[in-house]
């Protein structure tokens, strides 16, 4: 039996995320889990900053499940934002917005902040991680190539570090690489271990 599954014993994990990357991380940790999805509007107050935003959204995503959670179930909800120039960059709505986001990240550093809410019938634990990412100067041709070929409309800040733009554009990273992919895996593992 897998290390974490033996710790969790008879608990059932529910991932409330359609993100293939988050599913991948849970699988790689050797966890048994079920995916359950409910629509949640990603709206937050303008006075929230940095991890306050991703933590708030992670908690909001758990709310629709609260009444139906069973004693032995652990719900995982998560959110990732890109914090740049005192603004949170979410998922781009279209090509123009994606181009604008990537242009603003070019030749600068930004923070990628991921938060996870671990919810049970009795408790809720919220954890967050921040990673500093620096891009080289991206030219218009590179940005357009990436958007056209990779369609990064499901990614905060309009990019995936594990894709072409990350290979050619990222010059420095301080912190967890996997956090930039949308899940603070190491912190999540430690938290589950202590449950």
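Determine which single condition residue 82 fails, assuming it passes every other condition in (1) under 28 Å from residue 135 (Cα atoms); (2) part of a helix (DSSP H, G or I).
Evaluating residue 82 over (1) under 28 Å from residue 135 (Cα atoms); (2) part of a helix (DSSP H, G or I) leaves (2) as the failure.
Being within 17 Å of residue 15 (Cβ to Cβ), surrounded by 16 or more Cβ atoms within 10 Å (Cβ to Cβ) and touching a residue at least 24 places away in the same chain (Cβ under 8 Å): is that true of residue 88 here? Give the derivation first.
Numbers: within 17 Å of residue 15 (Cβ to Cβ): no; surrounded by 16 or more Cβ atoms within 10 Å (Cβ to Cβ): yes; touching a residue at least 24 places away in the same chain (Cβ under 8 Å): yes.
Judged against the criteria, residue 88 is not a match.
Is it true that some residue in segment 129-144 is modelled with pLDDT of 95 or more, crowded, with 20+ Cβ neighbours inside 10 Å and in a helix (DSSP H, G or I)?
yes
Answer yes or no as to whether residue 167 is under 16 Å from the mean Cα position of the chain (by Cα) and either surrounded by fewer than 14 Cβ atoms within 10 Å (Cβ to Cβ) or not in a strand (DSSP E or B) (or both).
On the way: under 16 Å from the mean Cα position of the chain (by Cα): no; either surrounded by fewer than 14 Cβ atoms within 10 Å (Cβ to Cβ) or not in a strand (DSSP E or B) (or both): yes.
No, not satisfied.
Return the residues of segment 148-164 that are in a helix (DSSP H, G or I), modelled with pLDDT of 95 or more and within 27 Å of residue 16 (Cα to Cα); say none if nothing qualifies. Can you show your working first?
Looking only at segment 148-164, we keep the residues that are in a helix (DSSP H, G or I), and these are 148-150, 156-158, 164.
Imposing the further condition that a residue be modelled with pLDDT of 95 or more reduces the set to 148-150, 157-158, 164.
Across segment 148-164, the qualifying residues are 150, 157, 158.
Could you identify the single residue in 25, 65 that is touching a helix residue (DSSP H, G or I) at 6+ places or on another chain (Cβ under 8 Å) and in a helix (DSSP H, G or I)? Reasoning before the result, please.
On the way: 65 fails: touching a helix residue (DSSP H, G or I) at 6+ places or on another chain (Cβ under 8 Å).
Among 25, 65, only 25 is touching a helix residue (DSSP H, G or I) at 6+ places or on another chain (Cβ under 8 Å) and in a helix (DSSP H, G or I).
Out of 190, 172, report the one residue that is in contact (Cβ under 8 Å) with a residue 60 or more places away in the chain, surrounded by fewer than 21 Cβ atoms within 10 Å (Cβ to Cβ) and out of contact with any helix residue (DSSP H, G or I) (no Cβ under 9 Å at 6 or more places or on another chain).
Values: 190 fails: in contact (Cβ under 8 Å) with a residue 60 or more places away in the chain.
Answer to the selection: 172.
So is residue 41 without any contact (Cβ under 8 Å) to a residue 60 or more places away in the chain, within 18 Å of residue 154 (Cβ to Cβ), surrounded by fewer than 15 Cβ atoms within 10 Å (Cβ to Cβ) and under 18 Å from the mean Cα position of the chain (by Cα) or not?
Numbers: without any contact (Cβ under 8 Å) to a residue 60 or more places away in the chain: yes; within 18 Å of residue 154 (Cβ to Cβ): yes; surrounded by fewer than 15 Cβ atoms within 10 Å (Cβ to Cβ): yes; under 18 Å from the mean Cα position of the chain (by Cα): yes.
Considered against the rule, which asks whether it is without any contact (Cβ under 8 Å) to a residue 60 or more places away in the chain, within 18 Å of residue 154 (Cβ to Cβ), surrounded by fewer than 15 Cβ atoms within 10 Å (Cβ to Cβ) and under 18 Å from the mean Cα position of the chain (by Cα), residue 41 comes out as yes.
For the list (1) within 20 Å of residue 186 (Cβ to Cβ); (2) surrounded by 12 or more Cβ atoms within 10 Å (Cβ to Cβ); (3) in contact (Cβ under 8 Å) with a residue 12 or more places away in the chain, I need the number of the one condition that residue 24 fails.
Residue 24 satisfies all of (1) within 20 Å of residue 186 (Cβ to Cβ); (2) surrounded by 12 or more Cβ atoms within 10 Å (Cβ to Cβ); (3) in contact (Cβ under 8 Å) with a residue 12 or more places away in the chain except (3).
Considering only segment 10-21, how many residues are exposed (fewer than 12 other Cβ atoms within 10 Å of the Cβ) and under 15 Å from residue 70 (Cβ atoms)? Outline the logic, then answer.
Initially, segment 10-21 is screened for residues exposed (fewer than 12 other Cβ atoms within 10 Å of the Cβ), giving 10, 18, 20.
Cutting the leftovers down to under 15 Å from residue 70 (Cβ atoms) gives us 10.
Within segment 10-21, residues that are exposed (fewer than 12 other Cβ atoms within 10 Å of the Cβ) and under 15 Å from residue 70 (Cβ atoms) number 1.
Among (1) surrounded by fewer than 17 Cβ atoms within 10 Å (Cβ to Cβ); (2) touching a residue at least 12 places away in the same chain (Cβ under 8 Å); (3) closer than 22 Å to residue 32 by Cα, where does residue 50 come up short?
(3)
The values are calculated or read from the model by the stated rules, or taken from the named source; none is laboratory data. These figures come from a predicted structure and were not determined experimentally. Every residue, glycine as well, gets a Cβ built from its backbone with ideal geometry; the counts of neighbours run over all protein chains shown.
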